[in-house]
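So the structure is just underneath, and the comments pick up after that.
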Amino acid sequence: MADLRRTSVQELLRSTDLDRDVLVRGWVRTRRGNKYVQFIALNDGSGFNSIQVVANAEQFPEEKLKADGVENGAAVQVRGRLVASQGKGQAVEIQAEEITVYGTADPAAYPLQKKGHTLEFLRDIAHLRPRTNTFGAVLRIRHAMAFAIHDYFNRHGFYYVHTPIITGSDAEGAGQMFRVTTLPDQNPPLMEDKSGVDYKQDFFGKQTNLTVSGQLEAEVAALALGKVYTFGPTFRAENSNTARHLAEFWMVEPEMAFYDLQDNMDLAEDFLRSLVRYALEHCPEDLQFLNDQYDKELLSRLRFVVDNDFQRLTYTEAVDILKSAKQKFEFPVDWGTDLQSEHERYLVEKHFRKPVILTNYPKDIKAFYMKLDEDGRTVRAMDVLFPGIGEIIGGSQREEDLEKLRRRMAEMHVPEHELWWYLELRKYGTAPHAGFGLGFERLLLFVTGMANIRDVIPFPRYPKSAEF
Ligand code: 4AD
Ligand code: MG
């Protein structure tokens, strides 16, 4: 018996090889029963479902289980026989022969009680919420989506490049960066004329920050390896206390040489559809739970996206539609101003009732690197808008002409000296290229149907919150 190997709960639940000795380890989800028999639901995280452990009262009287701490939240090992279940709701169960407790969880103090907790409450116990049905499901889907992303790109001839986390430039030119410094808080070295801190004396000999996007470095790689992507954490110090913004989020950024805006849209659409299809195929139990528990439309919405083309139109066409809409908006719609989320949601949820790709935005509301259109007023930008989410992808064809790029940088006050290497890409072997950024947590909001982005990342970072 001593060499009995541990099996995962999922493996046992799928097993047809019955009437054998098994060993499982996990956490007690519930214990219930009567004076003849006790039922322990044991979950080890390997999948959504728990296995039922049946403990006969002759060997395991309730009082003894209690005294040993076989309670909600305890970590235990169970040795027993895997048998066909007598009861409804499961095919197999374990008849316990030996229960060993690794760690108890005092029922009077354990914060996860049997009753459902609000998502807000669970956010305050982010160290324990992975043990709930909801966060187990979300975290497994998060894993599946990350895997599907690498798999998609690998199958399509993209190379994964690691772009830096610490950078000396502002990739979006939006000034929403977290500074990285090792200078002392008290009396940092000052410039000779005392006009400010002397960052020449800082660790990197210059001002540095956490990256807002890996795009500029991905362009370097694309102009050598052809098709590449980055997938890493990005940081934005925007003070947006919304259900769709994080200060630390993960972004997937493909970048492709010799792609124009059309190619870029085709890729974005195929990519998103295949990720959603992957989730439907590989996470049925977790998705079914989230569908039943939180959002009865979830599965049908996912299938709709897999089965239907996205609607493509220009920003200018979208503005015309919004202007003639019967709906009253809080913010006015004027050509040249950025669309608010109420406008995006009107287009996606009311007007077209499907995902939308908006293109050719006014140059003044988009980043400096986007390729200027012939009219000189708009750029080859694309935003993909999703139901319930709004913007899920932002991307563009890049300006590959050195002089046009320099002019745009000057207009938008982007310092050339910080990006001399980026400009050199246009000097030596420049080529048309394009790419986009998919917010990984926005994708997860869509796939899980969760309403708040803080509930699709294990340890959310947002204004005034960096616990855990
Ligand atoms: O539209 P954004 O700012 O585009 C870029 O950063 C480009 N450099 C991407 C590229 O072309 N390679 O961000 C891309 C996506 C958004 O569409 C959104 O899904 C997500 O990143 N995003 C955020 N997600 C969570 N919290 C935030 N604060 C986010 N800001 C952007
Ligand atoms: Mg954007």
Env charge @ Gln262, Cβ radius under 15 Å, K,R +1 / D,E -1, value -3
Along region 158-170, what does the Karplus equation 6.51 cos²θ - 1.76 cosθ + 1.60 (θ = phi - 60°) give for ³J(HN,Hα), rounded to whole Hz, x for Gly and Pro? 9, 9, 7, 10, 9, 9, x, 8, 9, 10, x, 10, 9
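Are there GluC sites (Glu not before Pro) in region 151-218 that DSSP marks as loop and that have at most 14 other Cβ atoms within 10 Å, and which are they? Provide the component values of the computation, followed by the final result.
Numbers: sites: Glu172, Glu192, Glu217; in loops: Glu172, Glu192.
Answer by residue number: Glu192.
List the relative contact order of the chain as a percent without decimals, with contacts defined as Cα pairs under 8 Å and 6+ residues apart.
On the way: 842 pairs, mean separation 59.8, N = 468.
Relative contact order of the chain: 13 percent.
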From the phi angles alone, apply the Karplus equation (6.51, -1.76, 1.60; θ = phi - 60°) to region 339-356 and give each ³J(HN,Hα) in whole Hz, x where the residue is Gly or Pro. 6, 8, 5, 4, 6, 4, 5, 4, 4, 7, 8, 9, 6, 8, 6, 6, x, 10
Under a crude label model (7 Å from the Cα following the beta-carbon direction), how far is Phe121 from Met412 in nanometres? 4.6
Filter on Lys200/Lys227; Lys115/Lys354; Lys227/Lys296; Lys354/Lys404; Lys66/Lys296; Lys115/Lys464 - keep pairs with C-alpha separation over 32 Å: Lys200/Lys227; Lys115/Lys354; Lys227/Lys296; Lys354/Lys404; Lys66/Lys296
Backbone HN-Hα couplings from phi across region 288-293 [Karplus 6.51/-1.76/1.60, Hz, Gly and Pro as x]: 4, 4, 5, 4, 6, 7
Given 140-147, 300-307, the highest-first ranking by average Cβ count within 10 Å works out to 140-147, 300-307
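Let me know the shape class of region 158-282, please: from the alpha-carbon gyration tensor, a ≥ b ≥ c as square roots of the eigenvalues, rounded when a/c is under 1.5, otherwise prolate if a/b is greater than b/c, or oblate.
Working: a/c = 3.01, a/b = 1.97, b/c = 1.53.
Prolate shape, in that a/c is at least 1.5 and a/b is the bigger ratio.
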Take the alpha-carbon centre of region 172-235, take the same for region 36-90, and report the distance between them in whole Å. 53
Quick one, can you get me the convex hull of the C-alpha atoms of region 396-443 expressed as volume per residue in Å³? 108
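What does the charge dipole of region 387-468 about its Cα centre add up to, to the nearest 20 debye, if the Cβ of each Lys and Arg holds +1 and the Cβ of each Asp and Glu holds -1? Walk me through the intermediate numbers first.
Values: 11 positive and 12 negative charges, 13 e Å.
For region 387-468, the charge dipole is close to 60 debye.
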For region 111-152: Kirkwood Rh in Å [reciprocal of mean 1/r, alpha carbons]: 11.4
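With Cβ to Cβ distances under 11 Å as the rule, what net charge do the other residues near Glu467 carry (K, R +1; D, E -1)?
Numbers: positive: Arg123, Arg461, Lys464; negative: Asp124.
Taking every Cβ under 11 Å from that of Glu467, the sum is +2.
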Residues with amide H under 5 Å from that of Thr30, placed H, sequence gap 5 or more: Ala41
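How high is the relative contact order of region 329-468, in percent, with contacts defined as C-alpha pairs under 8 Å that are six or more residues apart? Intermediate results must be reported in sequence, preceding the final value.
Values: 191 pairs, mean separation 24.6, N = 140.
The normalised contact order for region 329-468 reaches 18 percent.
With N denoting the number of residues in region 9-103, provide Rg(C-alpha) divided by 2.2 N^0.38 Å, to two decimal places. Present the calculation step by step, with values, prior to reporting the outcome.
Working: Rg = 12.0 Å, N = 95, 2.2 N^0.38 = 12.4 Å.
Against the compact-globule rule of thumb, the ratio is 0.97.
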Compute the acute angle (0 to 90°) between the alpha-carbon long axis of helix 261-282 and the principal axis of greatest extent of the alpha-carbon atoms of the chain; round to the nearest 10°. 0
If I model a spin label at Lys114 and Glu403 as a point 7 Å from the Cα along the Cα→Cβ vector, what separation in nanometres do I get? 7.7
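DSSP loop (so not H, G, I, E, B), at most 11 other Cβ within 10 Å: list which trypsin sites (Lys or Arg not before Pro) in region 405-468 pass both filters. Could you put the intermediate results ahead of the total?
On the way: sites: Arg406, Arg407, Arg408, Arg426, Lys427, Arg442, Arg454, Arg461, Lys464; in loops: Arg461, Lys464.
Passing both the DSSP loop test and the Cβ count: Lys464.
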Neighbourhood charge, 12 Å Cβ-Cβ cut-off, centred on Arg301 and excluding it, Lys, Arg +1 and Asp, Glu -1: 0
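Taking N as the number of residues in the chain, what value does Rg over Cα atoms divided by 2.2 N^0.38 Å take?
Compared with the compact-globule rule of thumb, the chain sits at 1.18.
No value in this document is a laboratory result; all are computed from the given coordinates. Nothing here was measured: the structure is a model prediction, and the numbers come from that model. Cβ atoms come from the backbone with ideal geometry, glycine included; neighbour counts cover every protein chain shown.
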